[in-house]
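Take a look at the structure below.
The values are calculated or read from the model by the stated rules, or taken from the named source; none is laboratory data. It should be emphasised that the depicted structure is a prediction, and the values quoted were computed from it without experimental measurement. Reconstructed Cβ throughout: ideal geometry from the backbone, glycine too, with neighbour counts over all protein chains shown. Ligands, DNA and RNA are excluded from the accessible area calculation, which covers all protein heavy atoms including side chains. Shrake-Rupley method; radii C 1.70, N 1.55, O 1.52, S 1.80 Å.
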Amino acid sequence: MPATTRPRRIGMIVPSSNTCLEPQTYRILGDRTDVTVHFTRIPVTRIALDDSSNRQFDPAVMADAAKLLATADVDVIAWNGTSGSWLGSAHDQELAGGITAATGIPATTSTLAYLAAFRAFGTERIGLFTPYTGDVNHQVIASYEREGIKTVDHRALGLSDNESFARVTDDEMRPGSLELAAAAPDALVYLCTNLYGANITAEIEQATGVPVLDSVAVTLWHALKLAGAPLLDARWGRLLG
């Protein structure tokens, strides 16, 4: 007979060219057995401010992907991508609402997870680090400003090919991270779920005293909250523990 109890199940919709978030999510969970994570992919290959890039994040495509995850009887579904940070929170609220309407399952996105974290931790001033091009960063900054979040400084690595983001090294991230932390923001944000920011979260927090919010960790944190599961080990972000 099947067991009458099971771990909490988190479903995640993944950009097709993302090679970070799946292994990093399980790395963050470590040896936990109370939760499992299940993934499906949608086509996403580049990040830019144009129609062909924006069409990658069509709510109908997301709903179809969510329906596949729903067959695994997941407890929550997350769009594990940060597109709403430049498309605007209304886009992701519609997205999450559409997923829930299609599946009956609570839903979130990386952007909605960040906004929930900012509210929960009283975050008003951030330092922003991304692999994106500068114009994408400026769009993110404007979008966050509308949510009452001020970006005190930012760094953009100038990349647009989504697959390349996961090849950014810890050494490439450290200098900009330390420069951003020097402005004493409420938090340093590593914005991109294909960026291995969580690798150096504890190191940067210890060196600077500034909390770090990494996209993979923040999305997992919010999904765990919605699923009613215990949260994260503080080494993945002291605010998220």
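Applying 1/(1 + (r/R0)^6) with r as the Cβ-Cβ distance of S160 and D31 and R0 = 41 angstrom yields a FRET efficiency of 0.65.
Looking only at the chain, where both bridge partners belong to it, what percent of the DSSP beta bridges are antiparallel (to the nearest 5)?
In the chain, approximately 5 percent of DSSP beta bridges are antiparallel ones.
Each peptide among 216-225, 194-203, 87-96 gets the average number of other Cβ atoms lying within 10 Å of its residues, and from highest to lowest they stand as 216-225, 194-203, 87-96. With both labels modelled 7 Å from their Cα along Cα-to-Cβ, the T19 to V152 distance reads 3.6 nm. Computed from the C-beta positions of Q93 and A60 and an R0 of 22 Å, the FRET efficiency is 0.85 to the nearest 0.05. Amide H contacts of L213: L188, V189, Y190, each under 5 Å away and 5 or more positions distant or on a separate chain (H built 1.01 Å from N in the peptide plane; Pro and chain starts excluded). Peptides 138-150, 101-113 ranked from most to least packed give 101-113, 138-150, packing being the mean of other C-beta atoms within 10 angstrom over each peptide's residues. Taking amide H positions as modeled 1.01 Å from N, with prolines and chain starts lacking one, the residues under 5 Å from T109 and 5 or more places away or on another chain are W79.
Applying 0.36 nm per residue to the separation of A184 and L231 and subtracting their alpha-carbon distance, the gain on full extension is 14.3 nm.
Based on DSSP H segments of at least four residues, each scored -39500 (n - 2.57), the chain has a per-residue ellipticity at 222 nm of -12500 deg cm²/dmol. When the surface is traced with a 1.4 Å probe over the full set of protein chains, L178 keeps roughly 80 Å² accessible. Taking the 0 to 90 degree range and rounding to the nearest ten, how far is the long axis of helix 110-121 tilted relative to the main principal axis of the chain, both from C-alpha atoms? For helix 110-121, the angle is close to 70 degrees. Among T33, T193, T130, which one shows the highest mean-square fluctuation when the chain is modelled as a Gaussian network with alpha-carbon springs under 10 Å? Sorting by GNM fluctuation, first place goes to T33. All Cα-Cα separations within the range 129-241 were binned at 10 Å from zero, giving a P(r) of 14, 45, 35, 5, each value a whole percent of the pairs. For the range 58-71, backbone phi angles converted through the Karplus equation (6.51, -1.76, 1.60; θ = phi - 60°) give residue-by-residue couplings of 5, x, 5, 5, 4, 5, 5, 5, 5, 5, 5, 5, 4, 5 Hz, Gly and Pro being listed as x.
The angle between the Cα long axis of helix 170-181 and the longest principal axis of the Cα atoms of the chain comes to about 70 degrees, rounded to the nearest 10. Give me the percent relative contact order of the range 45-201, please, defined on Cα pairs under 8 angstrom at least 6 residues apart. Reported as a whole number, the value is 25 percent.
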